[in-house]
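The values are calculated or read from the model by the stated rules, or taken from the named source; none is laboratory data. Small disclaimer: the values here were computed from a predicted structure and weren't measured. Side chains included, ligands, DNA and RNA excluded: accessible areas come from the protein's heavy atoms. Shrake-Rupley method; radii C 1.70, N 1.55, O 1.52, S 1.80 Å.
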Amino acid sequence: MTRDEDRSPLTGQPRITDEKAGISYPIPAGWKPNKNDLIDAFTSAASMKSTDGEGSSVMAGRAGGVPQSRLRYEAERAASSNAEFFCPDSKATPQESKPTTVSDRPAHTAVLKVTHPDCGTLHLRLTLISLDDNRSAFLLGITEQQGRKQVDMVLENASVL
C-alpha cells in the first residue's frame, strides 16, 4: 500500500499495515519487512542491512490503554526498557521527549542515545500512540547514526488504521 497524499520523502514507498497494532508505516527503499522471528512484544518489523554490516530496524507492537496524562512517562519507560533489552548494560542518554500526534491521536516520542563498547552508539526512537481507552500502539526505531534520518522519517509518517 502507498499513501500518495503524503508530501514526505517516503511518498509512494510501500507501507506495512499492522492490523494487530492498529497502525501502518512506510518503509524506505532497500528496506525489507521482517516476517519471521519476531518476539512476542512486536507485531511487525522492517529493517535494512548495509554492506558494512550496519543496519536500521523499525518494530511495531501493541499494548493496553494509556491515558494521555501518562503517555510521556510510558514512552520514556518503554524506550529505556528497549535500550536495555537490545543492548544490555548500555548507557542510555535522553536526547528528546515530546508530545506529538499520529493521525490526530495523542502520542509521545522519546529519543535516546545508547552507547556500549559492544553495541557502539545507537539512536533509539520510540513513539507511543494512544489508539483509544483500551489500546495503544508503539513504533520503535533503532539505528546507527547514518540511518537516523530514515528511521525518524518512518516513525514521523506512521498512521493509525
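Do we find that K20 is in a loop (DSSP other than H, G, I, E, B) and within 23 Å of N134 (Cα to Cα) in this structure?
Answer is yes for this residue.
Would you tally the residues in the stretch 42-68 being among the β-branched types (V, I, T) and open to solvent by 30 Å² or more (accessible area, probe 1.4 Å)?
Final tally of qualifying residues: 2.
For (1) hydrophobic (A, V, I, L, M, F, W, C); (2) closer than 19 Å to Y25 by Cα, each residue gets a yes or a no:
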| position | (1), (2) |
| --- | --- |
| A63 | yes, yes |
| F86 | yes, no |
| S97 | no, no |
| S103 | no, yes |
| H108 | no, yes |
| V111 | yes, yes |
| R125 | no, yes |
| N134 | no, no |
| A137 | yes, yes |
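Which fully enclosed strands (runs of 3 or more DSSP E) of the stretch 69-161 have 3 or more residues being open to solvent by 80 Å² or more (accessible area, probe 1.4 Å)?
Correct list: 91-102.
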